[in-house]
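> Would you mind keeping the following structure in view while I ask a few things?
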Amino acid sequence: DELLYIAALWREGRMTVVTVPAAPDIAWLHDRMPAILRGQELDNWLSPTAPVELALASLKAVEGLRTRPVTCAINSLANRDPAICQQPAEDAAEPPPPDTADDATASASAAAAQARPPMYS
């Protein structure tokens, strides 16, 4: 397994993930996906001297990604256990309860996310 680098933009303390139309093998899940950068594409995106056209040409769907089921607990910021990234047991009915120490953080993060306007469509 290799790390996935995704294109993003940062301005005034805000970040947005750059998306592209989904690759055919992932389109069943969603019609868009993050622009994944590999090799020279990553260098082009990060280079302050690369021509804009070259950086933009690096933004494309990547095929050959693998998917696997995970528990719905992964959707909560309160769940920070790396085990939630593993494939759930066949009989997993409910996600584990979040740590109570993180409840306030998760609630505040969820409220802030709802208050923000969408950064892309």
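Every read-out reported here was derived from the displayed coordinates using simple, explicitly stated rules and does not represent laboratory data. For clarity, every value in this text was computed on a predicted model and none was experimentally measured. Virtual Cβ from ideal backbone geometry, glycine too; neighbours counted across all protein chains shown.
> May I ask you to list the trypsin sites (Lys or Arg not before Pro) in the stretch 1-86 that are in a DSSP loop and have at most 10 other Cβ atoms within 10 Å of their Cβ? Walk me through the numbers before you get to the answer.
On the way: sites: Arg11, Arg14, Arg32, Arg38, Lys60, Arg66, Arg80; in loops: Arg38, Lys60, Arg66, Arg80.
In loop regions of the stretch 1-86 (DSSP not H, G, I, E or B), the sparsely surrounded trypsin sites (Lys or Arg not before Pro) are Arg66.
> Where nothing but the Cβ of Lys and Arg (+1) and of Asp and Glu (-1) is charged, how large is the charge dipole of the stretch 1-74 around its Cα centre, in debye to the nearest 20? Provide the component values of the computation, followed by the final result.
Numbers: 7 positive and 9 negative charges, 45 e Å.
Dipole of the stretch 1-74, to the nearest 20 debye: 220 debye.
> Could I ask something else about it? Given R₀ = 25 Å, FRET efficiency for Glu2-Arg80 by Cβ-Cβ distance, to 0.05? Show your work: numbers first, answer last.
Numbers: r = 23 Å, r/R0 = 0.93.
That gives a FRET efficiency of 0.60.
> Note down the magnitude of the dipole of the stretch 33-87 about its Cα centre, charges +1 on Lys and Arg C-beta and -1 on Asp and Glu C-beta and zero elsewhere, to the nearest 20 debye.
On the way: 5 positive and 5 negative charges, 51 e Å.
Once rounded to the nearest 20, the dipole reads 240 debye.
> Per q in 0.10, 0.14, 0.19, 0.26 1/Å, what log10 I(q)/I(0) does a Debye calculation on the alpha-carbon atoms of the stretch 1-91 return?
-0.36, -0.67, -1.05, -1.30
> On to the next question. Just in the stretch 3-82: which chymotrypsin sites (Phe, Trp or Tyr not before Pro) are loop by DSSP and have at most 16 other Cβ atoms within 10 Å? Can you show the working numbers first?
Working: sites: Tyr5, Trp10, Trp28, Trp45; in loops: Trp28.
Those satisfying the criteria are Trp28.
> Answer with one residue from Thr19, Pro69, Leu4: the one whose Cα lies farthest towards the positive end of the charge dipole of the stretch 1-91, charges on Cβ with Lys, Arg +1 and Asp, Glu -1.
Checking the options against the dipole of the stretch 1-91, the answer is Thr19.
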